[in-house]
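Okay, so here's the structure we're looking at.
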Amino acid sequence: MWLLIVHLFALFLFAFLYSFRFRKLVPNPNLNILLQIQAASKDWKSTPYLVLLIGFALFLLLPLTLGFSFYLRTDANVVVVIVWIIWAYNWSKYTFWRE
């Protein structure tokens, strides 16, 4: 359970850091967040984009952390991994390839 709390804290920390501190430093801050993540993958060494990509990675790992904190000792952890693979694949597909 503590891992879930740490994960959520880190996710909200990076989301707030990007929203209130680094968003004004990127070009075209009024773009859709998915377009900003797509642009961040091309220039990931810049600090605002690095914060955005870490926050997106934490967002992608959220179902895995959530599921494992509750279902690690049961047979449902296989379902958690399958749901996470579908979650990460769909978000990555719509973010980076815009299908």
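Here are the numbers:
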read-out: Overall Cα dimensions of the chain, principal axis frame, Å, largest first; value: 47, 31, 20
read-out: Label-point separation in nm, Ile85 to Val6, each point 7 Å along Cα→Cβ; value: 2.7 nm
read-out: Surface/4 of the Cα convex hull for segment 38-91, nm²; value: 4.0 nm²
read-out: The chain, relative contact order [Cα under 8 Å, separation at least 6], %; value: 32 percent
read-out: Angle in degrees between helix 2-17 and the longest Cα principal axis of the chain, rounded to the nearest 10; value: 10 degrees
read-out: Estimated vicinal HN-Hα couplings, Hz - segment 63-71 in sequence order (Karplus 6.51, -1.76, 1.60; Gly, Pro = x); value: x, 5, 5, 4, x, 6, 6, 10, 10
read-out: Degrees between helix 77-92 axis and first principal axis of the chain (Cα, 0 to 90, nearest 10); value: 20 degrees
read-out: Segment Lys42-Phe16, length gained on full extension (0.36 nm per residue, minus Cα span); value: 7.1 nm
read-out: Calculated FRET efficiency for the pair Leu25/Phe68, C-beta based, R₀ 25 Å, to 0.05; value: 0.10
read-out: Probe 1.4 Å, protein heavy atoms only - accessible area per residue of the chain in square angstrom; value: 70 Å²
read-out: Segment Ser92-Asn32, length gained on full extension (0.36 nm per residue, minus Cα span); value: 20.1 nm
read-out: By average C-beta atoms within 10 angstrom, highest first, the peptides 18-24, 50-56; value: 50-56, 18-24
read-out: With every protein chain in place, segment 1-77: carbon and sulfur % of accessible area (1.4 Å); value: 70 percent
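The values are calculated or read from the model by the stated rules, or taken from the named source; none is laboratory data. Source: prediction; values computed, not measured. For neighbour counting, all protein chains shown are included, and Cβ atoms are generated from backbone atoms with ideal geometry for every residue, glycine included. Each accessible area value is taken on the protein alone, full model and side chains, heavy atoms only, with ligands, DNA and RNA left out. Shrake-Rupley method; radii C 1.70, N 1.55, O 1.52, S 1.80 Å.
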